[in-house]
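What follows is one structure encoded as structure tokens, with my remarks underneath.
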Amino acid sequence: MNTLNLIITTIVGIIAIALFVLAYQFISKKINHEEEGKLKTAFAIWIGFSIASFALLLSSALKAVSGAIEVILGIAKTEIIEKVALFTGFTFMWFVVTYFITQFITAILLGKRTDSIEIDRNNYNYFIIKGIILLAFTFTFLSVFENFLRMFSPVVNTPFYH
């Protein structure tokens, strides 16, 4: 059972990271992120901070997936895909919420700016500040996210008799 848990958790992590990269690639098609064949520094910084933030959230989700798989394997194997999809979906949703909070706080601190214009200008200082805000909110709300995932984790009810 331990190897099955490890294999499923690894596959879930790889698929979630691949989906995140594909989503970012789809979103960034509108943005001119290359200059003379090189990746712009501002875009690279923003992608780096975004991946780091998503990886933090995904690590918490993978812990919850691993715990859920251990419990589910003892009860019924049919719920594994449901819990994996639920936890992965919550990870993406939580990242989007954190992203919009970062957009809001950045607009308050630095004024209303458009990311595509800032990438065109290669304003990497803006994206360093924005990335730090994103990581700060991710770290701040990480324990809330873990508690949120625990609400949907399967529980084994063991009766305690005196």
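Quick look at the values:
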item	result
Test: residue in the stretch 77-100 that is within 20 Å of Gly131 (Cβ to Cβ), assigned to a helix (DSSP H, G or I), at pLDDT 90 or above and among the aliphatic types (A, V, I, L, M)	yes
Verdict on Ile132 being part of a helix (DSSP H, G or I), under 18 Å from Thr41 (Cα atoms) and either acidic (Asp, Glu) or open to solvent by 30 Å² or more (accessible area, probe 1.4 Å) (or both)	yes
Residue list for the stretch 43-52, restricted to those being open to solvent by 20 Å² or more (accessible area, probe 1.4 Å) and not aliphatic (A, V, I, L, M)	Gly48, Phe49
Members of the stretch 114-137 found to be touching a Phe, Trp or Tyr at 6+ places or on another chain (Cβ under 8 Å) and closer than 19 Å to Val97 by Cα, listed by number	Asp115, Phe127, Lys130, Gly131, Ile132, Leu134, Leu135
Top-ranked residue in the stretch 1-37 [being farther than 20 Å from Thr106 by Cα and outside any helix (DSSP H, G or I); ranked as most open to solvent (accessible area, probe 1.4 Å)]	Glu36
Cβ pairs under 9 Å, 6+ apart, first in the stretch 18-45 and closer than 15 Å to Asp115 by Cβ, second at pLDDT below 85 and among the basic types (Lys, Arg)	Asn32/Lys40; His33/Lys40
Lone qualifier among Lys83, Lys40 - being touching a strand residue (DSSP E or B) at 6+ places or on another chain (Cβ under 8 Å) and surrounded by 16 or more Cβ atoms within 10 Å (Cβ to Cβ)	Lys40
Lone unmet requirement of (1) among the hydrophobic types (A, V, I, L, M, F, W, C); (2) at pLDDT 90 or above; (3) within 23 Å of Phe137 (Cα to Cα) for Ala44	(2)
Residues of the stretch 53-72 that turn out to be open to solvent by 40 Å² or more (accessible area, probe 1.4 Å) and among the small types (Gly, Ala, Ser), as a count	2
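The values are calculated or read from the model by the stated rules, or taken from the named source; none is laboratory data. Everything numeric in this text was worked out from a predicted model, so none of it was measured. Note that we place each Cβ from the backbone using ideal geometry, even for glycine, and neighbour counts take in every protein chain shown. Just so you know, the surface numbers come from the protein's heavy atoms only, side chains and all, with ligands and any DNA or RNA stripped out. Shrake-Rupley method; radii C 1.70, N 1.55, O 1.52, S 1.80 Å.
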